[in-house]
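Asks: I have a structure here, written as structure tokens, and I will follow up with some questions on it.
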Amino acid sequence: MLMLKGKKIVMGITGSIAAYKSCLIIRQLIKAGAEVQVVITPAGREFITPITLSALTQKPVITDFFAQRDGTWHSHVALGLWADAMLIAPCTASTLGKMANGIADNMLITTYLSMKAPVFIAPAMDLDMYQHPTTQQNMERLRGFGNHIIEPQSGFLASGLEGKGRMEEPERIVEYLSENLAPLSSPEGDTNVQGAAKASPRGGLEGAPSGLEGAPSGLEGAPSGLEGARILITAGPTYEKIDPVRFIGNYSSGKMGFALAEECARRGAEVTLIAGPVSCQVSPELRELIHRIDVESCEEMYQAAISAFPAHQAAILCAAVADFRPARQAERKIKREKESGDGSLQLQLVPTRDIAAALGRMKQPGQRLVGFALETNDEEANARQKLQKKNLDFIVLNSLNNQGTCFQSDDNQITIISQDGEKCFDKKPKALVAQDIIDELFNIL
């Protein structure tokens, strides 16, 4: 929570029953040393009074453009310049839609549109509203703008139903802000504003130090320079459920992704590791530098990656993400005799989310994006096509035609392809392959 000390935060509150939790969020922010200015919608005032909020923040609550009839008004532009972050919690489906489409009909939306700092959104609504394609599309669009979506949780809802849509708990929301507002270290090791990377209003990293020379390596002969950098890595497979006991997946063990995470951590980077269902474990001495997020499906990995990427200097997409998922997931185990007379089963598959393409669209100046291509034929041509299509800085090609590499193996043999050419490497343990890949990443950071 030390990262929140002295931060100026605009707290947006909308018309949701979860608005009472905003008081708990404000209290924790104030306790952490932050300065909070509340902007509340007219509907929000029906759930919680400005008097309560003002007592907590020691500031007048802003709800309308014009406070009095004397010509004075509240400047949304000034708020956008003042803030170090904007948090909207709770955020209703209506406000999500207005934000996604620029409908500036209240003070909160105009403040959002003027915001120069990172924006964090904690949705809260009933499960059917949350699952509606319009809501999902609006959230995806907001992520594409670089906003941070703090995913709601499943639980008991105000409607009396149970499902996903319950706003994340106040403690976790404040923790999320603290984690994502943490400044990067400067070349001298100072973690103050000088030389630190600040998230841009739509998710980029402005002013990030390049090179960061002089950082301890931890590996003999390896270049230093990742001290204080923040690297996002995906690893392992994804499982796409057919029914409660069956899934579509692949043979990925996660070994390559975990080797990359440990290599970055050894060089001083802070790592966010999004891992599919694997048995791999991070070395105990590196766990404090690696924040692990466990997921199962492509959708879960997509949501985690989209939310995390804006706060990182680079992402390495090493996971073997399923390209297709069943169009329908059975709620109960599918019985052989019930599907057809001959016991056959037909599955309709639909495409999953394209994580690399989504991050490629989000990538800001100064950020770097590394992809992987596992191929069985026309390896180089397919890898180069993916390099261009996904807006990658370079791509790591490996082939199933190289025996004893790739899935489940402790070894790998790669080719690194970029716009400038390609570099071929011999077969070697994945820990050493990770050094080659991070050397290349270091050169372009």
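Asks: Per 10 Å bin, what is the whole-percent P(r) computed from every C-alpha pair distance within segment 367-445?
Replies: Answer for segment 367-445: a P(r) of 19, 54, 27, 1 percent.
Asks: Name the long-range amide H neighbours of THR272: under 5 Å, sequence gap of 5 or more, or other chain; modelled H, no Pro or chain starts.
Replies: Amide H to amide H, under 5 Å and 5 or more residues apart or across chains, THR272 pairs with ILE231, LEU232, ILE233, HIS291.
Asks: Okay, moving on. Taking only the alpha-carbon positions of segment 221-365 and ignoring solvent, what does the Debye formula give for the base-10 log of I(q)/I(0) at q = 0.11, 0.13, 0.17 Å⁻¹?
Replies: The Cα Debye sum returns log10 ratios of -0.48, -0.62, -0.92.
Asks: Continuing with the same structure: Based on Cα coordinates alone, diagonalise the gyration tensor for segment 19-140, multiply each eigenvalue by 5, take square roots, and list the semi-axes in whole Å, largest first.
Replies: Numbers: eigenvalues 106, 63, 42 Å².
The answer is 23, 18, 15 Å, longest axis first.
Asks: Considering only protein heavy atoms, what per residue accessible area in square angstrom results for the chain with a 1.4 angstrom probe? Present the calculation step by step, with values, prior to reporting the outcome.
Replies: Working: 20780 Å² over 445 residues.
Dividing the accessible area of the chain by its residue count gives 47 Å².
Asks: How long are the three semi-axes of the equivalent ellipsoid of segment 100-149, in whole Å, if each is the root of 5 times an eigenvalue of the C-alpha gyration tensor, listed from largest down?
Replies: Numbers: eigenvalues 80, 32, 21 Å².
Working through the eigenvalues yields semi-axes of 20, 13, 10 Å.
Asks: Which percent of Cα-Cα pairs in segment 26-66 sits in each 10 Å bin, short to long?
Replies: With a bin width of 10 Å, the distribution comes to 30, 53, 16, 0.
Asks: Given springs between every Cα pair under 10 Å in a Gaussian network model of the chain, which of ALA305, ALA89, ALA381 has the largest fluctuation?
Replies: ALA381
Asks: Distance cut-off 23 Å, Cα to Cα: go down the list LYS390/LYS427; LYS98/LYS164; LYS390/LYS423; LYS363/LYS386; LYS5/LYS363 and report the pairs above it.
Replies: Working: LYS390/LYS427 27 Å; LYS98/LYS164 21 Å; LYS390/LYS423 20 Å; LYS363/LYS386 16 Å; LYS5/LYS363 29 Å.
As for pairs spanning more than 23 Å Cα to Cα, those are LYS390/LYS427; LYS5/LYS363.
Asks: A further question on this structure: For a quick size check, give me the Cα extents of segment 78-166 along its three principal axes, largest first, whole Å.
Replies: Here the Cα extents, ordered largest to smallest, are 41, 22, 21 Å.
Asks: Carbon-plus-sulfur fraction of the accessible area of the chain, 1.4 Å probe, in percent?
Replies: On the way: 10270 of 20780 Å².
Of the solvent-accessible surface of the chain, carbon and sulfur hold 49 percent.
Asks: Specify the residue with the greatest mean-square fluctuation among ILE62, ILE51, ILE109, computed from a Gaussian network of the chain linking alpha-carbon atoms under 10 Å apart.
Replies: Checking each option, the largest mean-square fluctuation is seen for ILE51.
Asks: Using 0.36 nm times the number of residues separating GLN364 and ILE30, minus their current alpha carbon distance, what extension gain do you get?
Replies: Numbers: separation 334, 0.36 × 334 = 120.24 nm, distance 3.15 nm.
This chain segment gains 117.1 nm when fully extended.
Asks: What longest range of the chain stays clear of loop-exposed chymotrypsin sites (Phe, Trp or Tyr not before Pro) (DSSP non-H/G/I/E/B, at most 13 other C-beta within 10 angstrom)? Working shown, then result.
Replies: Values: sites that count: PHE65, PHE66, TRP73, TYR251.
Longest site-free region, per DSSP loop and neighbour criteria: 252-445.
Asks: May I ask for the Rg/Rh ratio of segment 234-315, computed from Cα atoms with Rh as the Kirkwood radius, given to two decimals? Don't jump to the answer; show the numbers that get you there.
Replies: Numbers: Rg = 13.2 Å, Rh = 13.3 Å.
Using only Cα positions, Rg/Rh for segment 234-315 is 0.99.
Asks: Top mean-square fluctuation among PRO123, PRO60, PRO277, Gaussian network model of the chain, C-alpha springs under 10 Å?
Replies: Judging by the Gaussian network model, the answer is PRO60.
Asks: Just subtract the alpha-carbon distance of ARG246 and THR376 from 0.36 nm times their residue separation and send over the number in nm, one decimal.
Replies: On the way: separation 130, 0.36 × 130 = 46.80 nm, distance 2.59 nm.
Contour length minus the Cα-Cα distance gives 44.2 nm.
Asks: Determine the gain in length on full extension of the stretch GLN281-GLN131; use 0.36 nm per residue of separation and subtract their C-alpha separation, reporting nm with one decimal.
Replies: On the way: separation 150, 0.36 × 150 = 54.00 nm, distance 3.35 nm.
Difference between extended and current length: 50.6 nm.
Asks: Per residue of segment 3-11, what does 6.51 cos²θ - 1.76 cosθ + 1.60 with θ = phi - 60° give for ³J(HN,Hα)? Whole Hz please, x for Gly and Pro, Karplus curve as stated.
Replies: With coefficients 6.51, -1.76 and 1.60, one gets 5, 8, 5, x, 6, 9, 10, 8, 9 Hz.
Asks: Measure out, as a whole number of angstrom, how far apart the alpha-carbon centroids of segment 11-69 and segment 290-355 sit.
Replies: Using only Cα atoms to place each centre, the spacing works out to 39 Å.
Asks: Hey, another quick one. In terms of Cα to Cα distance under 23 Å, which lysines are near enough to LYS428, apart from those fewer than 8 places away along the same chain?
Replies: LYS255
Asks: Then there's this: What is the Rg over Rh value, at two decimals, for segment 289-416, using alpha-carbon atoms and the Kirkwood definition of Rh?
Replies: Numbers: Rg = 18.0 Å, Rh = 17.1 Å.
Rounded to two decimals, Rg/Rh equals 1.05.
Asks: Bin width 20 Å, origin at 0, all Cα-Cα pairs of the chain: what percent of pairs per bin?
Replies: Percent of Cα pairs in each bin: 24, 52, 22, 2, 0.
The values are calculated or read from the model by the stated rules, or taken from the named source; none is laboratory data. Just so it is clear, the model here is predicted, and its values are computed rather than measured. All Cβ positions, even for glycine, are placed from backbone atoms using ideal geometry, and neighbour counts span all protein chains on display. When the accessible area is computed, the model is the full protein with side chains, heavy atoms only, and any ligands, DNA or RNA have been set aside. Shrake-Rupley method; radii C 1.70, N 1.55, O 1.52, S 1.80 Å.
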